[in-house]
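Structure, as structure tokens:
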Amino acid sequence: MEEYYWDTKLDYLKRTRDLYYNDDYIEFLVKFVWKLTKPVNIVDFGCGYGYLGHKLLPLLPDGSTYTGIDKGKHLISRGRELFHDTPYETTFIVSDMNEIEIERTYDIAVSHAFLLHMSEPKRILQKMMNSVVDGGKIICFEPHWISGMSSYYLDGYEQSQIVQLGMLQKLYEKDAKQTGKDGNIGAKLPQYLSDLGVKNIDCRVSDKVNYLNPDVNIKEKEGLFHSLKEDGVGDVPENKETYIASLVKRGVTLEEAQEQYDSVLLFAQSFHMNSSLVWAPGMKITFGEITSK
Ligand SMILES: C[S@@+](CC[C@H](N)C(=O)[O-])C[C@H]1O[C@@H](n2cnc3c(N)ncnc32)[C@H](O)[C@@H]1O
């Protein structure tokens, strides 16, 4: 039987999460924005190996708990292993979010880079809301791809040489229409939560701006370079004909697809360990309160 896709992506998940937030920013959100001063029970939808648990539990008051739910058996067993020798109370559950029913027992439902993979995100958001007690919170850390794509600077090149923003904008919109899965969902969540009746909605943007500095030594920047490569920055495009054909199939013109191929190829050929690259992923962090009042 073929292995579940995300179960093969543990290394990708472990090497890329640090590109999105500085630890002090997450601490700022917990302490000053969400003001979590009492123990809370958190449920993480599509938790992977428990990334959010790792980041949040050390910042939360003693007695807080973390429950991670994911379809990936391997990811979940890795999560159990990682928390095994820690003082934190954690539970990991293997389940398909489309099917699981979760009781209304949690104080906070969270997601990180999960809703973009759902073909009916509003249905899943409702499920997240239904898992939270009255007065609790929903917090979604989700991408806004076009914002990330507009936030590259590779020294020596105009942005328009390496990223075809207009084409990508159209492509993401067409993909979302065809599949329901939306890489720009981060920017839409404030409206979606409002439609579903969430109160006191607010939205922040991730703080991290990654700078690959050509003036620092290789040892210091190796980690960042490999994380960027793992996240697909400067990916070498596959076979030209296949690449172009797959873009045209997704709804862009032949000319746009060819230009996109040339840009991606140029980026791949120009990006190396000694490049000067600045990139901000621009994740959106949307949150609000579940209240019957
Ligand atoms: C990009 S990963 C993010 C994982 C984790 N939240 C993180 O940021 O490290 C997307 C996750 O969603 C999970 N996922 C996708 N579809 C799912 C479903 N129908 N039910 C449960 N989990 C699902 C995948 O298994 C994967 O772990």
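The values are calculated or read from the model by the stated rules, or taken from the named source; none is laboratory data. Here the structure is a predicted model, which is why all the values come from computation and not from measurement. Glycine also receives a Cβ, built like all others from the backbone with ideal geometry; neighbour counts cover every protein chain displayed. Just so you know, the surface numbers come from the protein's heavy atoms only, side chains and all, with ligands and any DNA or RNA stripped out. Shrake-Rupley method; radii C 1.70, N 1.55, O 1.52, S 1.80 Å.
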Of 224, 200, 168, which is farthest on the positive side of the dipole of region 149-231, counting Cα position, with +1 on Lys and Arg Cβ, -1 on Asp and Glu Cβ, and the Cα centre as origin?
-> 200
Please tell me which of these pairs span more than 26 angstrom C-alpha to C-alpha: 38/181; 137/229; 137/208; 73/127; 188/229?
-> 38/181; 137/229; 188/229
FRET efficiency estimate (nearest 0.05) - Cβ-Cβ, residue 204 to residue 155, R0 30 angstrom = 0.55
Peptides ranked, highest mean first, by Cβ atoms within 10 Å: ranges 272-283, 216-227 | 272-283, 216-227
Mind ordering 193-201, 69-77 by average Cβ neighbours within 10 Å, highest first?
-> 69-77, 193-201
So for R0 = 45 Å, FRET eff. of residue 292-residue 22 from the Cβ-Cβ r, to 0.05, ends up at 0.80
Indicate, rounded to the nearest 5 percent, the antiparallel portion of the DSSP beta bridges found entirely in the chain.
-> 45
At a Förster distance of 51 Å, what's the computed FRET efficiency of residue 177 paired with residue 222, Cβ-Cβ distance as r, to 0.05?
-> 0.80
Assign unit charges at the C-beta atoms only (+1 for Lys and Arg, -1 for Asp and Glu), then state the dipole size of the chain relative to its Cα centre in Debye, rounded to the nearest 20.
-> 720
For region 222-293 and region 118-183, compute the distance between their C-alpha centroids and round to whole Å.
-> 13
With +1 on each Lys and Arg Cβ and -1 on each Asp and Glu Cβ, how big is the dipole of region 216-274 about its Cα centre, in debye rounded to the nearest 20?
-> 120
Rounded accessible area per residue of region 11-52, 1.4 Å, Å² = 44
Could you check how much of the accessible area of the chain is carbon and sulfur, as a whole percent, using a 1.4 Å probe?
-> 49
By average C-beta atoms within 10 angstrom, highest first, the peptides 135-146, 233-244, 13-24 | 135-146, 13-24, 233-244
What one gets for the chain as the Kirkwood radius, inverse of mean 1/r over different Cα pairs in Å, is 20.4
Points 7 angstrom from Cα along the Cβ direction at residue 236 and residue 11: gap in nanometres?
-> 1.6
Applied in sequence order to region 84-99, the curve 6.51 cos²θ - 1.76 cosθ + 1.60 (Karplus, θ = phi - 60°) yields integer Hz couplings, x standing for Gly and Pro, of 3, 9, 10, x, 7, 8, 10, 9, 10, 10, 8, 6, 8, 4, 6, 10
Label-point separation in nm, residue 215 to residue 245, each point 7 Å along Cα→Cβ = 4.9
Among 83, 21, 69, whose Cα sits farthest toward the positive end of the charge dipole of region 1-126 (+1 at Cβ of Lys/Arg, -1 at Cβ of Asp/Glu, about the Cα centre)?
-> 21
Express the accessible area of region 105-244 per residue in Å², computed with a 1.4 Å probe while the remaining protein chains stay in the model.
-> 48
Total charge dipole magnitude, region 130-226, about the Cα centre, Cβ charges on Lys, Arg, Asp, Glu only, Debye to nearest 20 | 280
Gained length - residue 94 relative to residue 33, 0.36 nm times residue gap less alpha-carbon distance = 18.8 nm
Sparse-neighbour loop sites [GluC sites (Glu not before Pro); region 80-172; at most 11 other C-beta within 10 Å; DSSP] | 99, 101, 103, 158
